[in-house]
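The values are calculated or read from the model by the stated rules, or taken from the named source; none is laboratory data. In this text the structure is predicted, and so the values were computed from the model without any measurement. Methodologically, a virtual Cβ is constructed for each residue, glycine included, from the backbone with ideal geometry; neighbour enumeration extends over all protein chains shown. Heavy atoms of the whole protein, side chains included, go into the accessibility calculation; ligands, DNA and RNA do not. Shrake-Rupley method; radii C 1.70, N 1.55, O 1.52, S 1.80 Å.
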Amino acid sequence: MIPIRWGGPELTPTILPLPFMFETLLQLDNDILLAVNGLHCEFFDYFMRECSRKFVWIPFYAAIFVLLCSRFTLKTSILALLFITLTITLCDQLSASLLRPMVGRLRPANPDNPLSQWVHVVNNYRSGRHGFPSSHAANTAGLTFFCIRLFRRRFLSWLFVGWMLLVCYSRIYLGVHYLGDLMAGMLLGFIVATLAYWAFSAMTRRLQLTTEQRSTPYDRYFLALPPAAFLLVVAWMLIWATIHL
């Protein structure tokens, strides 16, 4: 190791070996999981469990679909819908079918994981065996980043990111994913969405389709649909959690 001189005596830098750094990151992952999962109560147990369900967000997806059809021509809308479907499918299959079996990282709540004895399990929900990367994070990130590039509206971008982070937070709260699982899933979703949008743009140019957004007298109503649907779903989850107390 080469000593370093910096205006005084020799200083020998401390270089952490890679295994130690890896163990430190894993321990940090455990600490964050237990901290978030430990801040639980019966109300948020029901709320976060609903938030983590895919089908509860159908009104939100429907609002995005209606907005898509209102902003673009029919052919462009169909092509965009196909690429959104492709993005989510790739994110889901790459995370669940390819990467998880390869990595083999147990979920925090899995009974075979020694950490599970300290994890608060909500209504006996433990999900599958392996959790790296998170499919929820990959799928929501894929949809989020594709729609950000597609609509290019700042308030919609913040809405999509907020929705993605809420779903990801619910996965840590439920004890079925580490933060590292979620970050890897979001990175995967970002990469797939970026490549899918690049392919979508190339296809629209090849087919001579316009990606310019149309303007109608009802624009503000269509643009208000995703926020309204998001608030509607959140209100439903709050009501659901309240009546089950």
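Compute the distance in nm between two label points, each set 7 Å from the Cα along the Cα-to-Cβ direction, one at Ala202 and one at Tyr61.
2.8
Per residue, how much accessible surface does the chain expose to a 1.4 Å probe? Answer in Å², no decimals.
56
Roll a 1.4 angstrom probe over the protein heavy atoms and tell me the percent of accessible area of the chain that is carbon or sulfur.
C and S atoms contribute 69 percent here.
Round to the nearest 10 and report in Å² the accessible area of Ser116, as given by a 1.4 Å probe over the protein chains' heavy atoms.
20
How much of the pair distance distribution for segment 74-186 lies past 18 Å, counting alpha-carbon pairs only, in percent?
Roughly 54 percent, once rounded to a whole number.
Quick one, can you get me the convex hull of the C-alpha atoms of the chain expressed as volume per residue in Å³?
About 197 Å³ per residue, rounded to a whole number.
Mind checking the angle between helix 58-71 and the chain's longest principal axis? C-alpha axes, 0 to 90 degrees, to the nearest 10.
Computed tilt is about 50 degrees.
Starting at the first residue of segment 98-104, write each ³J(HN,Hα) from the Karplus equation 6.51 cos²θ - 1.76 cosθ + 1.60 with θ = phi - 60°, in whole Hz, x for Gly and Pro.
9, 6, 4, x, 5, 7, x
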